[in-house]
Amino acid sequence: MKKAIGIDIGGTITSVAIVDENFEISSNIDFPTPRNPEEAAGKIIESVNRIDPEKSYPCGIAVCGLISQDGRILYSAPNLKWKNIELEKLFSGLDRQFAAVNDGSSAAWGCYIAEGNSETENLLSITMGTGVGGGIVLNGNLIFGAAEIGHIKMDPDGPVCGCGKKGCLETYIGGIHIPARAREWEGLEVDTTQQLFELAEAGNRKAVKCWERIGFIAGYILAGVVNLNGSHKILLGGTVASYAGVFFIDTLRKTLIENLLAPEYQHCEIEISKWKNDISLLGAAALLLKRPLNMDANRIIDSR
Ligand SMILES: [Zn+2]
């Protein structure tokens, strides 16, 4: 059976796993992402060799940052403070074929190919984790460049984002910023989004209101995106969406539809991805299992 290794370098956690052609995930290894890129690459290579000692499978690497069109340079990963990294050099010890892609783009490919959406003409995926990523698939082509939905500007006087600018969407609905917003909006003393979720689950009205506000903000901005590019389907993935989605998906959907230009004609479904926080990893591996129409062989780096 055809297999590939998926690697998801996130702002908090890095995951490595084997994905087969039926999109079953096995042999997972997770670890906190080292802040130093060389150290991170070392740990990734060690994990890959542990789960594939025969060096049989190619690797798809999803990174939480802006990657060049050809997939060879990581320009910037704000949440890791990595800049201008030559990926071919960083992963030269992988000793396998690999392709690197923005984690939002890989999630979109995962949603499209593995989640039964390959009939969807125009798919948008949103990853709500530490930050907020986005990805677009158009008629079987993956948009490799920026789909940085998390950095759509909302307020020039808003909170400072990991990208250095102010008032990005991510500063309102990204996991790393949610605790600060919960304090501002409802005076809740929480340190993590998980705590805010647990409070909501325990019936705390203020915590529930915070999640609804997050749903409103996400729906409001996504309506703008749908008005712009005519997405037919939106899938939400990432850790925050996976556990707390139940508290904001209804508000998000309602706000999105209310703010479409012509809701009677614009059909846009919105769902939480069933792969939840594995979708970027799965999509990265899926790039090697079933390539997007616009992905040519030059995008695959051979470090053997
Ligand atoms: Zn930003």
Point to revise | The lone exception for Leu90 - which of (1) in contact with a helix residue (DSSP H, G or I) (Cβ under 6 Å, 6 or more places away or on another chain); (2) surrounded by fewer than 23 Cβ atoms within 10 Å (Cβ to Cβ); (3) within 15 Å of Gly150 (Cβ to Cβ) it fails | key: (3)
Practice item. Kindly provide the set of residues from segment 111-145 that are assigned to a loop (DSSP other than H, G, I, E, B) and surrounded by 24 or more Cβ atoms within 10 Å (Cβ to Cβ), ordered by number. Key: Gly129, Thr130, Gly131
Review point. Hey, does segment 82-95 have a residue that's within 25 Å of Asn22 (Cβ to Cβ), touching a residue at least 40 places away in the same chain (Cβ under 8 Å) and more than 16 Å from the ligand (Cβ to nearest atom)?
Key: yes
**Study point:** Hits in segment 162-198 (condition: within 16 Å of the ligand (Cβ to nearest atom) and either of a type in the set (A, V, I, L, M, F, W, C) or not assigned by TED's automatic domain parsing to the domain that holds Gly245 (or both))
**Key:** Cys163, Cys168, Leu169, Ile173, Ile176, Ile178, Ala180
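Residue-by-condition table, conditions (1) out of contact with any helix residue (DSSP H, G or I) (no Cβ under 9 Å at 6 or more places or on another chain); (2) at pLDDT 95 or above; (3) not in a helix (DSSP H, G or I):
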position	(1), (2), (3)
Tyr172	no, yes, no
Ile176	no, no, yes
Ala182	no, yes, no
Leu188	no, yes, yes
Ile214	no, yes, no
Ile217	no, yes, no
Phe247	no, yes, no
Study note, to complete from the structure: When Ala146 is run through (1) in contact (Cβ under 8 Å) with a residue 40 or more places away in the chain; (2) away from the ligand (no atom under 14 Å from the Cβ); (3) under 27 Å from Gly230 (Cβ atoms), the failure sits at (2)
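The values are calculated or read from the model by the stated rules, or taken from the named source; none is laboratory data. Because the structure is predicted, anything quoted here is derived from the model rather than measured. FYI the Cβ positions are ideal-geometry reconstructions off the backbone, even for glycines, and counts take in every protein chain you see.
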